[in-house]
Amino acid sequence: MINSQEILELVVKAADDKRAEDIVALDVSNVSLLADYFVICHGNSDKQVMAIANEVVEESHKHQVEVKRVEGKETARWVLIDLGDVIVHVFHGEEREFYNLEKLWSDAPLVNITSMVE
């Protein structure tokens, strides 16, 4: 069984593979009952947002991580991928600025993900 830390790493690498911009991981385990981690990133076009989201879903399936829900693929402005302990937010650039989840969840400490990306 894959743990939340391993799911986090899998998600970060998948997003990075599709050149996601400004990948941020928040440890929300002490501030939210929803998940252990939120991963927030963005793409600069609808096509890139979809590529990032699809890669995260594909890699999750490959590693037997249950994809509970995917929302927002119709518009590709904000795709939410619920992997249980890890929730992934793939934004279109402008949308990310507008919703500013990092500020909303500012009580959650940042996770150092530099070792997870090349």
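Within the range 1-29, the only residue that satisfies the criterion of being more than 16 Å from VAL90 (Cα to Cα), of a type in the set (D, E, K, R) and loosely packed, with under 15 Cβ neighbours inside 10 Å is GLU6.
The one condition from (1) in a loop (DSSP other than H, G, I, E, B); (2) surrounded by 21 or more Cβ atoms within 10 Å (Cβ to Cβ); (3) at pLDDT 95 or above that HIS42 does not meet is (1).
Within the range 68-97, residues that are more than 13 Å from VAL56 (Cα to Cα) and touching a residue at least 60 places away in the same chain (Cβ under 8 Å) sit with their Cβ atoms under 8 Å from residues that are small (Gly, Ala, Ser) and part of a strand (DSSP E or B), at 6+ positions apart or across chains, in these pairs: GLY93/GLY43. Of all residues in the range 81-100, those satisfying the criterion of being buried (at least 17 other Cβ atoms within 10 Å of the Cβ) and either part of a strand (DSSP E or B) or not hydrophobic (A, V, I, L, M, F, W, C) (or both) are ILE81, ASP85, VAL86, ILE87, VAL88, HIS89, VAL90, PHE91, HIS92, GLU95, ARG96.
Return yes when ARG77 is buried (at least 19 other Cβ atoms within 10 Å of the Cβ), more than 21 Å from ILE2 (Cβ to Cβ) and touching a strand residue (DSSP E or B) at 6+ places or on another chain (Cβ under 8 Å) and no when it is not. Talk me through it step by step, then tell me what you get.
Working: buried (at least 19 other Cβ atoms within 10 Å of the Cβ): no; more than 21 Å from ILE2 (Cβ to Cβ): yes; touching a strand residue (DSSP E or B) at 6+ places or on another chain (Cβ under 8 Å): yes.
No; evaluated as a whole, the condition is false for this residue.
Of the residues screened, VAL31 is not one that is under 18 Å from GLU118 (Cα atoms) and either within 10 Å of the chain's Cα centre (by Cα) or in contact (Cβ under 8 Å) with a residue 12 or more places away in the chain (or both).
Of the residues making up the range 54-83, those that are within 18 Å of ILE40 (Cβ to Cβ) and modelled with pLDDT under 95 are LYS73, THR75, ALA76.
Each row is one residue, and each column tells you yes or no for (1) more than 17 Å from LEU101 (Cβ to Cβ); (2) touching a helix residue (DSSP H, G or I) at 6+ places or on another chain (Cβ under 8 Å).
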site	(1), (2)
VAL56	no, yes
GLU59	yes, yes
LYS62	yes, no
VAL65	yes, yes
ILE81	no, yes
ILE87	no, no
VAL90	no, yes
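The values are calculated or read from the model by the stated rules, or taken from the named source; none is laboratory data. What you see is a predicted model; the values in this text were computed from it and never measured. Neighbour counts run over all protein chains shown; Cβ positions are idealised from the backbone, glycine included.
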